[in-house]
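Peer 1: Below you'll find the structure I mean.
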């Protein structure tokens, strides 16, 4: 049975629970489990994205190269290509012991650990390519973990609880981003030895080795968790039957259920986070170029800012349950695009810690609201029979266009400067508002 119909994607017409009931769902075991697993999912991203860009810029790598290196994260955009394997293919030995979802989670987590250790022993000032190859391994393994974990999350609760599961997942995710963002910068700042070049590769090595050890949180959680009831191993009689059930049926089911409306849904998903993602590539190089220290960025952008994201994620989950996902989706889109304009204003302030705190707070609050509503929206679109493959398709669509455009962000900053670049990223969010309005009308 399908988890949702086209009219279920927005819960605006459903009976709404009381405020007390909406809050109580966060204390359920499935929600708490998502907190720890969200940490496991959030840890690798900054290590190959934001924090890495800070490291590269400090090592003297130019902005254009940093922008192109961000294409490593396109791994997340193409995870739908191997999602059917993760969804249906058993891993010899592991699957029999741990089940379909947990076996893939454990394998992918091992790949992340190996990749992060490899990055730790690389020096981009000497050679960029070794760290790029290990970053690719981390990104591939992290994307694989996301496939299995998204299915695990969707199968852990009914449609009405997806917003709450999304919010606790986002909370764990953002806590990991504090650790992988502020934690790395703090560790590196305290481990570095003063040099004329103000760059110490051994400090970054120490920080990344600590991050590799931090993946134990996810590994232990998977080992202590139970396999979801819907995740029983599916056995096909022959290769043709497996190919049909793993590759054809999930995509055919999606387009059959949504018809022409699928094009509108995919267009919305493909552009919803475009403002944040394109701008985010240049955030850390911007902080470095504006003269902010590791400790300043760690305490403001990577801790206080992420705390504001947690507040936004919590608000997004509660508001989605109370008022419906589509309304909060629109609110998040407006706030996310508008907050980029604040970064343009920040370029006029010089080294202003107070202004940075203000901008980071509003930007991350907006991101938290938008992310929670968006994940709940995508989750509601999937059929639980094909949850891993269909969610991977949707979340890949979310990343493909924004991350490809983001690869040129360094070139754009070099050409027009930071202020014009930030204004341009805000304008990218305007078409998204139209798509949400059209999708809302279709669901009404």
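Peer 1: From Cα pairs below 8 angstrom and at least 6 apart in sequence, can you work out the relative contact order of the chain, rounded to a whole percent?
Peer 2: Values: 762 pairs, mean separation 134.2, N = 444.
That works out to 30 percent.
Peer 1: Okay, moving on. Please give, to one decimal in nm, the separation of the simple spin-label points placed at residue 190 and residue 264, each 7 Å out from Cα toward the Cβ.
Peer 2: 5.3
Peer 1: Another question, if that's okay. Please state the equivalent ellipsoid semi-axes for the range 17-443: what are the square roots of 5 times the Cα gyration tensor eigenvalues, largest first, in whole Å?
Peer 2: Details: eigenvalues 217, 133, 80 Å².
After diagonalising the Cα gyration tensor, the semi-axes are 33, 26, 20 Å.
Peer 1: Here is a further query. What spacing in nm lies between the two simple spin-label points modelled at residue 213 and residue 419, each 7 Å away from Cα in the Cβ direction?
Peer 2: A separation of 4.6 nm, rounded to one decimal place.
Peer 1: With the Cα gyration tensor of the range 79-128 in hand, give its eigenvalues times 5 under a square root as the equivalent ellipsoid semi-axes, listed largest first in whole angstrom. Don't skip to the answer; put the middle values down first.
Peer 2: On the way: eigenvalues 179, 36, 8 Å².
Three semi-axes, in Å: 30, 13, 6.
Peer 1: With a point put 7 Å past each Cα toward its Cβ, work out how far residue 441 is from residue 114 in nm, to one decimal.
Peer 2: Result: 5.2 nm between the two label points.
Peer 1: In the Gaussian network model of the chain, springs joining C-alpha atoms below 10 Å, which of 100, 88, 349 carries the largest mean-square fluctuation?
Peer 2: 349
Peer 1: In nm, what is the difference between 0.36 nm times the number of residues separating residue 62 and residue 434 and their Cα-Cα distance? Each step should come with its number before you reach the end.
Peer 2: Numbers: separation 372, 0.36 × 372 = 133.92 nm, distance 3.64 nm.
Between residue 62 and residue 434, full extension yields an extra 130.3 nm.
Peer 1: With the radius of gyration and the Kirkwood radius both derived from the Cα set of the range 365-444, what is their ratio Rg to Rh? Intermediate results must be reported in sequence, preceding the final value.
Peer 2: Numbers: Rg = 15.8 Å, Rh = 15.0 Å.
When Rh is taken as the Kirkwood radius, the ratio is 1.05.
Peer 1: What is the helix-to-structure angle for 29-47, meaning the angle in degrees between its Cα long axis and the longest Cα principal axis of the chain, kept from 0 to 90 and rounded to the nearest 10?
Peer 2: 40
Throughout, read-outs are computed from the coordinates displayed, never taken from laboratory work. These figures come from a predicted structure and were not determined experimentally. Every residue, glycine as well, gets a Cβ built from its backbone with ideal geometry; the counts of neighbours run over all protein chains shown.
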